[in-house]
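All remarks here apply to the structure that follows.
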Amino acid sequence: MKPTLLLAASAAVSVGCLMWISGAVPALGLIPRISLISAGAYFTAGAGRDGLAKPLAAGTLGIVLTAVALSALTALGGGLTATVLIVACLAFTIILCSGVPPFAHVPSAFMAASAYVGAGGSWSLSIVFIIVSWGVGLILAWIIDRMSRSLIELTGVSSG
């Protein structure tokens, strides 16, 4: 078996479990598409400890800053000009915050900001569900990563 096949099998099982849990227990408020986006962030951050820590901090920051930006947009009454200015300020702020080490993983911040908007997030309880879904995706990716590494080790498969 190739390592890619083992990674794919690990992802299939883990993502299937996430989807089942999300559907079977809707009270958890999990948003699987956000979890899958953050799983991608885990791997873009290099997996392992960095894959958990960097996207967790930067992603949460991206979600909170986007909530603030959308609130400002609503207060300004919306419109194209206000939207352009607010989104430009959001991008500027995300990049500026990347100078602080915990928030340095810019892809995670932008991925999370987009996930928040795509989920129709608001300051209500939904922001909590979005942040929790983001964190669940990071844990999901860690499980996929660990499971595939264990399978590779167990089967003696080499990447060469």
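Can you pull out every residue in region 104-139 that is in a helix (DSSP H, G or I) and open to solvent by 60 Å² or more (accessible area, probe 1.4 Å)? Please lay out each step first, then the result.
Within region 104-139, the first condition is being in a helix (DSSP H, G or I), and the residues that meet it are 106-118, 126-139.
The answer is Pro107, Phe110, Ser114, Val117, Val128, Phe129, Val132, Ile139.
Taken over region 1-53, the criterion of being closer than 20 Å to Glu153 by Cα and either open to solvent by 80 Å² or more (accessible area, probe 1.4 Å) or in contact with a strand residue (DSSP E or B) (Cβ under 7 Å, 6 or more places away or on another chain) (or both) is satisfied by Met1, Lys2, Thr4, Leu5, Val13, Phe43, Arg49. Evaluate the following for Gly77: is it outside any helix (DSSP H, G or I), modelled with pLDDT of 95 or more and open to solvent by 30 Å² or more (accessible area, probe 1.4 Å)? So Gly77 does not fit the description; no. For the residues Ser71, Ser10, the requirement of being in contact (Cβ under 8 Å) with a residue 12 or more places away in the chain, over 15 Å from the mean Cα position of the chain (by Cα), over 21 Å from Leu138 (Cβ atoms) and part of a helix (DSSP H, G or I) singles out Ser71.
The values are calculated or read from the model by the stated rules, or taken from the named source; none is laboratory data. As the structure is a computational prediction, the values presented were derived from the model and not from experiment. Ideal geometry is used to build each Cβ from the backbone, glycine not excepted, and the neighbour counts take in all protein chains shown. Protein only, heavy atoms only, side chains kept; ligands, DNA and RNA dropped before computing areas. Shrake-Rupley method; radii C 1.70, N 1.55, O 1.52, S 1.80 Å.
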